[in-house]
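K.L.:
Could you have a look at this structure, given as structure tokens, before my questions?
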Amino acid sequence: MLSPGSPRIAGIAISHPERPIVEAPGHTKLDVVRYHELVAAWLMPQLAPRPIAVVKCMEGRFDDCFFQKHPSRGPRADLDDSPPFMRVADIADVVRAVQNGTYEFHTWGASFPRLERPDRITLDLDPDGSLPWRLVREAAGQMHALLDRLGLKWFVKTTGGKGLHFVLPITRRHTWLEIREFARGLADALVGAAPSLFTAKAAREARPGRVYVDYLRNAEGATAVAAYSLRARPGLPVSMPIAFDELDRDVRGDHFNIDNAVDTLAHRHDPWADYEHSRQTLSASMRRAVHA
Ligand code: ATP
Ligand code: MN
């Protein structure tokens with residue numbers, strides 16, 4: 001409960017600061033709040049410009065979580081013309097969300113105010129659980145080669161889960177339909193080149209022994225977990241930007257977590273440093289190359 005002694009982070013009083021996070025032994029709710037404060041310089045540029053969705057969990061347990069895409073309705077919802085999306089403008093908003101049970105922050109592929117014009121493409125490599133990491137690494141290598149061949153700049157991050165996200169900054173010149181078709185074209189090109197490794201079909205039956213290339217992150221209102229977000233999974237992993245060659249040093253999807261992320265960020269060259277300077281327009285020849 002709130003007491004006069006409740007710690008305040010970013011001006012927000014934190015209730016139950018000592019509540020243990022059941023699936024991250026040794027960590028408390030206050031640690032989770034502090035994590036966000038410590039990574040704010042990296043996290044806020046990811047979150048503030050974009051509509052967000054969140055994963056909330058109750059009582060520090062991860063077996064009772066839900067994905068929330070729209071603002072909670074207040075008592076005067078009928079009079080409320082609040083927008084259909086959520087946003088966090090500053091670290092106080094983030095801390096307030098965490099105080100209220102948020103563990104994960106997910107973002108749209110578009111920024112305010114031009115939500116009708118996407119500004120990134122996210123390609124989600126989802127390996128079947130039985131796939132050895134060697135083949136996930138192989139799939140990532142093929143994605144790397146395809147994007148390089150098309151002359152596209154791309155950035156990669158762990159998801160904090162099983163797979164990897166390739167993220168492409170794009171200029172706000174394309175419609176949602178255009179980028180989804182382009183993303184589908186990329187997925188189809190991978191499947192065409194290595195049908196035993198990739199599938200672009202969402203159906204579970206299509207996935208055994210394969211990497212599902214989820215291009216459907218690229219639709220209006222669809223989200224992908226934000227870089228630097230925690231995941232509500234055992235050990236509180238982090239979705240972390242990486243350099244591609246880290247995959248050869250056995251950096252897997254869940255390598256980074258609440259215990260090692262802050263130190264890593266403080267002591268390395270940011271592999272996403274060029275992100276904001278890398279916006280690119282999808283040319284006619286790029287689209288032709290993937291039949292999109
Ligand atoms: P992993 O590497 O384990 O696959 P991930 O973040 O890519 O991690 P996915 O299950 O592949 O997890 O989900 C992809 C994205 O779909 C998530 O990042 C999230 O933004 C979105 N998502 C997840 N759950 C829901 C949901 N219940 N409703 C809508 N979108 C969701
Ligand atoms: Mn995924």
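K.L.:
Take the residues in the range 205-219 that are of a type outside the set (A, V, I, L, M) and within 13 Å of ligand 1 (Cβ to nearest atom); name whichever of them is modelled with the lowest pLDDT.
P.N.:
Result: Arg207.
K.L.:
Residues in the range 89-106: is at least one under 26 Å from Ile9 (Cβ atoms) and within 15 Å of ligand 2 (Cβ to nearest atom)?
P.N.:
yes
K.L.:
Do we find a residue being crowded, with 16+ Cβ neighbours inside 10 Å and basic (Lys, Arg) anywhere in the range 164-175?
P.N.:
no
K.L.:
Collect the residues in the range 142-178 that are touching a residue at least 40 places away in the same chain (Cβ under 8 Å) and under 21 Å from Ser196 (Cα atoms), keeping them in residue-number order.
P.N.:
Result: Gln142, Met143, His144, Leu146, Lys162, Gly163, Leu164, His165, Phe166.
K.L.:
Here is a follow-up. Have a look at Ala187, Ala202, Ala140 and point out the one that is modelled with pLDDT under 95, within 16 Å of ligand 1 (Cβ to nearest atom) and out of contact with any Ser or Thr (no Cβ under 8 Å at 6 or more places or on another chain).
P.N.:
After applying the criteria, what remains is Ala202.
K.L.:
Also, quick follow-up: Under the condition of being within 22 Å of Phe182 (Cβ to Cβ) and open to solvent by 30 Å² or more (accessible area, probe 1.4 Å), which residue from the range 121-142 is farthest from ligand 2 (Cβ to nearest atom)?
P.N.:
Gln142
K.L.:
Take the residues in the range 247-256 that are over 14 Å from the mean Cα position of the chain (by Cα) and within 16 Å of ligand 1 (Cβ to nearest atom), then tell me which one is surrounded by the most Cβ atoms within 10 Å (Cβ to Cβ).
P.N.:
Within the range 247-256, the match that is surrounded by the most Cβ atoms within 10 Å (Cβ to Cβ) is Leu247.
K.L.:
Considering only the range 122-136, state which residues are in contact (Cβ under 8 Å) with a residue 40 or more places away in the chain and out of contact with any strand residue (DSSP E or B) (no Cβ under 9 Å at 6 or more places or on another chain).
P.N.:
Ser130
Results for (1) within 16 Å of ligand 1 (Cβ to nearest atom); (2) touching a helix residue (DSSP H, G or I) at 6+ places or on another chain (Cβ under 8 Å); (3) part of a helix (DSSP H, G or I), shown as yes or no for each residue.
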{"site": "Met44", "(1), (2), (3)": "no, yes, yes"}
{"site": "Val54", "(1), (2), (3)": "yes, yes, no"}
{"site": "Gly60", "(1), (2), (3)": "no, yes, no"}
{"site": "Arg73", "(1), (2), (3)": "no, no, no"}
{"site": "Pro83", "(1), (2), (3)": "no, no, no"}
{"site": "Phe105", "(1), (2), (3)": "yes, yes, no"}
{"site": "Glu116", "(1), (2), (3)": "no, yes, no"}
{"site": "Val136", "(1), (2), (3)": "yes, no, yes"}
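K.L.:
Do you know which of the residues in the range 1-38 that are open to solvent by less than 20 Å² (accessible area, probe 1.4 Å) and part of a loop (DSSP other than H, G, I, E, B) is modelled with the lowest pLDDT?
P.N.:
This residue is Ser6.
K.L.:
In the range 218-235, what count of residues is obtained for those that are assigned to a strand (DSSP E or B) and of a type in the set (Gly, Ala, Ser)?
P.N.:
Of the residues in the range 218-235, 1 are assigned to a strand (DSSP E or B) and of a type in the set (Gly, Ala, Ser).
K.L.:
Tally the residues that are open to solvent by 10 Å² or more (accessible area, probe 1.4 Å) and within 15 Å of ligand 1 (Cβ to nearest atom), restricting the search to the range 143-154.
P.N.:
0
K.L.:
For the range 83-101, indicate whether the set of residues that are under 19 Å from Leu216 (Cβ atoms) and at pLDDT below 95 is non-empty.
P.N.:
Yes - at least one qualifying residue is present in the range 83-101.
K.L.:
Quick one: count up the residues across the range 201-229 that are within 14 Å of ligand 2 (Cβ to nearest atom), in contact with a helix residue (DSSP H, G or I) (Cβ under 7 Å, 6 or more places away or on another chain) and open to solvent by 10 Å² or more (accessible area, probe 1.4 Å).
P.N.:
Going through the range 201-229 one residue at a time, the tally reaches 1.
The values are calculated or read from the model by the stated rules, or taken from the named source; none is laboratory data. The model shown is predicted, which means the values in this text are computed figures rather than measured ones. So basically every Cβ, Gly included, is an ideal-geometry build from the backbone, and we count neighbours across all protein chains shown. Quick note on the areas: whole protein, heavy atoms, side chains included, nothing else; ligands and nucleic acids left out. Shrake-Rupley method; radii C 1.70, N 1.55, O 1.52, S 1.80 Å.
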